[in-house]
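FYI, it's all coordinate maths here, none of it is from the lab. If you're wondering where the values come from, they're calculated on a predicted model, not measured in any experiment. Reconstructed Cβ throughout: ideal geometry from the backbone, glycine too, with neighbour counts over all protein chains shown.
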Amino acid sequence: MSRKSGVKCAYLNCGKTARSYDGLKMYRFPKDKSLCTQWVANSGNISLIHLTTDDLYKKRLCMEHFINNDFSNEKTKNLKKNAVPQKYEEPQSMKVLTPTKTYEGHPVFPKSP
Ligand SMILES: [Zn+2]
């Protein structure tokens with residue numbers, strides 16, 4: 001049996017596990033409440049909002065949501081104490097199309113009294 005964790009990354013649209021991605025580091029949500037709130041907000045996963053800090057401590061985010069600056073040690077990939085994941089951004093394809101107004105024939109203006 002593998003001792004590797006099968007816990008999924010809680011980041012929106014990620015869901016990676018250390019089991020399926022070799023060398024993938026997972027990080028627990030911080031116990032510090034205000035920092036933890038920032039992690040939840042940046043993860044884009046709104047289902048985490050209602051969880052307590054203790055419940056969130058069981059959840060993890062993978063290393064892909066952090067930049068080099070967030071690691072205290074680049075080789076071991078240890079997170080700095082106050083590190084916060086990168087903010088989730090909507091995919092480009094989610095852009096809303098605004099319909100352009102076209103007038104067919106003669107435009108109708110309201111009659112002046
Ligand atoms: Zn992830």
Checklist entry - Cα-Cα over 20 Å: which of K59/K81; K31/K59; K8/K33; K31/K80? => result K8/K33
Checklist entry - Going highest first, how would you order 71-80, 9-18 by mean Cβ packing within 10 Å? => result 9-18, 71-80
Next on the checklist: Taking amide H atoms as placed 1.01 Å from N in the peptide plane, list the residues 5 or more away in sequence, or in a different chain, whose amide H sits under 5 Å from that of C62.
Outcome noted: A10, Y11, Y27
